[in-house]
Structures are given as structure tokens and as C-alpha cells.
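These notes are about the structure you will find just below.
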Amino acid sequence: MTCALECNSQPGRTVGQVRQQEDRPLTGTSQEPSAETGTRTAALSLQWQMLAGFVIGLVVGLAVYTAAPDARWVDHVTTYVTGPIGQIFLRLLFMLVIPLLVSALIVGIAEMGEIRALRRVGLRTLVYTLIVSAIAVAVSLLVVDLLRPGAGIDPVMARAMLNDAAPGAKAILSRGDDAPQGMAAFIAMIPDNIVAAMAGNDILAVMVFALFFGIGLMLVRTPQTQLLLSAMEGLLAVTMRLMGLVIRLAPIAIACFMFNLAAHFGWDLLIRLSAYVGVVLLALAIQMFGIYSLLITFIAKRSPLRFFAAVQEATVMAFATASSNATLPTALRVAEEELRLPRRISRFVLTIGATANQNGTAMFEGITVIFLAQFFSIELSIAQQVMVMMMCILGGIGTAGVPAGSLPVVAMILGMVGIPPEGIGLVLGVDRLLDMCRTALNVTGDLVAATVIAAGEEDQP
């Protein structure tokens, strides 16, 4: 009857033609590899376009800084052209982050099938996050204690940098004062109004809601809840598609980001506080290519070279946007298409990891605190450094995955160990570059976590 109705609704088509068309996807399997190849080719092309945008923006920005460092037209270009383009790109991504995060986490949890599987994957994710975050912070503290970059800064230059960055430091300190602390911060993770949490971009509260909602869909198996789950899957598909359209603008946005950065700071970006920048980059590199390679090799049983080659698109996007949340759709696609991870694992781990598994952020916070302690000639005891380590682990878990999201946490830790919080002004000039680098590590670390946890799930029923 269904076929007859379809045939009657489409004049000129016979039953045989309808059946032939319905059977075509089953027999035309040769088209699937070509479609997959086309998708990979497009992704590779976009990746090279982003790299080209990065290089072009950096080179042009440095050229402008060298030729006309104080020209008024440069400020006009960054204020009215490149700056708005970059901000529009980020706002488009952030506009879609909340529906993407909610739908991906709900669908990922519901696809677990049972509470036992969710408990197993959730526990493994928690244990992995705590252990690897502790390793990351330990590496960062060891590097900064050995190399002591804060002991070699010219006091005159430092005083000038503090004066220049005073307004920015005050803004960060006031932002940190407004944030809930201690038990209040823990309670605030549970939203009393999910709409207000979404409107306020409270990612942790939204994740808690999505977690509970996904568990509810798993527990209640009715035709109505299946329709609701299908709606969430539809929302996820639509959001991912829209994200794909927005990401096509990434090469232009990346060029604008790098132009603004280089045109304003030029070579001073690396010359000023070069020792501090070098220590941060060294620690991040040890975590990226040392610790992660060991995890991929011995736990996930994969080739590190193939892994890093597969995730480079997500790493580049994270570097350009300096936002784990904005890179989430790219990371999800890379995990499923390039790494071939199970969807239920990748959606759960990556969505949680965008906020809760930020090794780069934790390392940056630890190095910055010890660096400023060295600069102010404040010797921290072993107990104080252990406390800094614990706060950095917690900070890496709870820091918002947005640009400069870790700076208020750094200011809070500085105050806890008796270091002048206004010292954060010293690092503001180079924070943009370091933010891009640590975000690249954060996103890569999320993909490592998903790969490791997925490997552990292969032997489970």
C-alpha cells in the first residue's frame, strides 16, 4: 500500500521504477568510497587554507608592524575590518556551541544504552582526567623550577609593562571577584534555571543539565522519549551542518586574527618575556609530544605519528580560535571520520573534555604562578607548590573553554599564595599567543583521552 501511494503521488512512475530507485543505494556501494574520499579531500583542502591564512596574516602583520608601527590607518584596519571579521566568526561559533554541546552530550549518553556502560565510561574519563592533569601540572612545575624564567627580567622593563597593563589586570581581577568561590562554585554547577544558565554561557551548568537529561532518556524507554531522542539527533545534525558552513570562513578569520596579533605586538611578542614564553612552550611540547605519545603508543596501541597527522585539522582550528568550545565540532568530526572512534565515546568524552580536560590551561596556570613568584622574589614552600598544583588541576577542569578564560583563575591562585595578583599584567602582552598554544594542547588532549578510553572499551561487552 505504501508503494502504491508513493507511485500515485508521483505521476509517470511505475512500481518497478520506484523499487529500482529504492534498491539503488543498496547496490550502488561504489559511490560511498567516492563520497568519503571527497569529504576527506575537502577537509584537507580547508586545513591547508587555514594554514595559509595563518602564514599570510602573520607575515602581513609583521610587515605592517615593521614598516608603519604607529600608523593610524593600522588601528583603523584592525578596528573596522580585521577585528570585526574575527569577532563575527567567533560569535557565529559561540552561537551554535550551546545547542551543539547539549545535543551531543545527550545523544552520546543515550547511546550508551545502559547505566553500567555510562558509569564505566564516566569513571574512566574522570580517572584519566585527574591523572593526566596531575602529570601535566607536575611537568610544568618541574620545568619552571629548573629554568627559573622569572629571575632574569629587567626590573625597569617589568615596571613599565605593569604600568601599561594595569587597566587589563584590573578588569581581570574584577572578573575573578565576581565568580563564585569554594563551595559556592560547586553549588553553582547545578543550575536552578537552565535557560538562565544558557543565556549566561555557564558551560559547566549546561553540561550538568545535559548529563542528567541524557541519563533520563536512557532510563525512560517509551515511544515519546524515542521521538525526543530523534529530535536531539536532528538538532545535533543541523548544528554540525551549520558549524561546517561557518568553519568555511576559518581561513579568512585566522588571517585576521594573526594580522591583529602581529600588527599590534610585532617582534616584541616573543622578545618581551621571551624566557617565560619559552618555558611555557617547552612544557606544552613535552606534554604534547612526550606524554601524549606514550599514552597513544602504550595504552591506545596506535602510532603517534598517524594520530597527530589525523588530528592536525582540529589542532590548527584550536590554535586559531583559542577556544576549546569553538573547536568542538571540528574535534567531533575528526574523532569519528579520521580516528574512527565510536560515536558514543567521542561525543561523551569530547563534549565533557571541552571544559573539564584542559591540560594546557592547567600547565599555563602553574607556570604563570611560579614565574610571578620568582619575579617578586617570593619563595614558595613545597606545601605551597603542592597547593598550587592542586588548584591548577581543579582550574584546568573548571575553566571556561573560551579565549583568556584561565586568567581569572590565575589571579585567584596568586592571591591564595601571597603573590600580588596585579602581577598578572606582566603576561597580558603575550597571553594571546600562549592562549592559542595551550588551546591546541587542550583539544589534542581531548582527542587523546577519547582514543585511550575508546581503546579500553573495545574489550567490553
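Computed from the coordinates by the stated procedures, all read-outs in this text should not be read as laboratory data. Small disclaimer: the values here were computed from a predicted structure and weren't measured. Using ideal geometry, Cβ is built from the backbone for each residue, glycine included, and neighbour counts are taken over all protein chains shown.
By counting other Cβ atoms within 10 Å of each Cβ, how are SER377, SER293 ranked from fewest to most?
Numbers: SER377 8, SER293 16.
Least crowded to most crowded, the residues run SER377, SER293.
Rank VAL97, SER140, ASN260 by how far each Cα sits towards the positive end of the charge dipole of segment 49-457 (+1 on Lys, Arg Cβ; -1 on Asp, Glu Cβ) and give me just the farthest.
VAL97
Which log10 I(q)/I(0) values does segment 49-457 give at q = 0.06, 0.12 Å⁻¹ under the Debye formula, counting every alpha carbon as one identical point scatterer?
-0.24, -0.98
Using the Karplus equation 6.51 cos²θ - 1.76 cosθ + 1.60 (θ = phi - 60°), what ³J(HN,Hα) coupling, rounded to whole Hz, does each residue of segment 373-384 give in order, writing x for Gly and Pro?
Using θ = phi - 60°, the values come out as 5, 5, 5, 8, 6, 9, 8, 8, 6, 4, 4, 5 Hz.
Starting from the 7 Å offset along Cα-to-Cβ, what nm value, one decimal, do you get for the label separation of LEU123 and MET416?
Here the modelled spin labels are 2.8 nm apart.
Within 10 Å of each residue's Cβ, count the other Cβ atoms and sort MET387, MET243 from fewest upward.
Details: MET387 15, MET243 20.
Sorted ascending by nearby Cβ count, the order is MET387, MET243.
Exposure proxy check: TYR292, TYR128 ranked by fewest other beta carbons within 10 Å?
Neighbour counts put them in this order, fewest first: TYR128, TYR292.
I need the phi-derived Karplus couplings for segment 206-217: 6.51 cos²θ - 1.76 cosθ + 1.60, θ = phi - 60°, integer Hz, Gly and Pro marked x.
Whole-Hz 3J(HN,Hα) from phi for segment 206-217: 5, 5, 4, 4, 4, 4, 5, 5, x, 4, x, 5.
For segment 58-71, take each phi angle, set θ = phi - 60°, evaluate the Karplus expression 6.51 cos²θ - 1.76 cosθ + 1.60, and give the result in whole Hz per residue in order, putting x for glycine and proline.
These are the phi-based 3J(HN,Hα) values: 5, 5, 5, x, 5, 5, 5, 4, 6, 7, 9, x, 10, 5 Hz.
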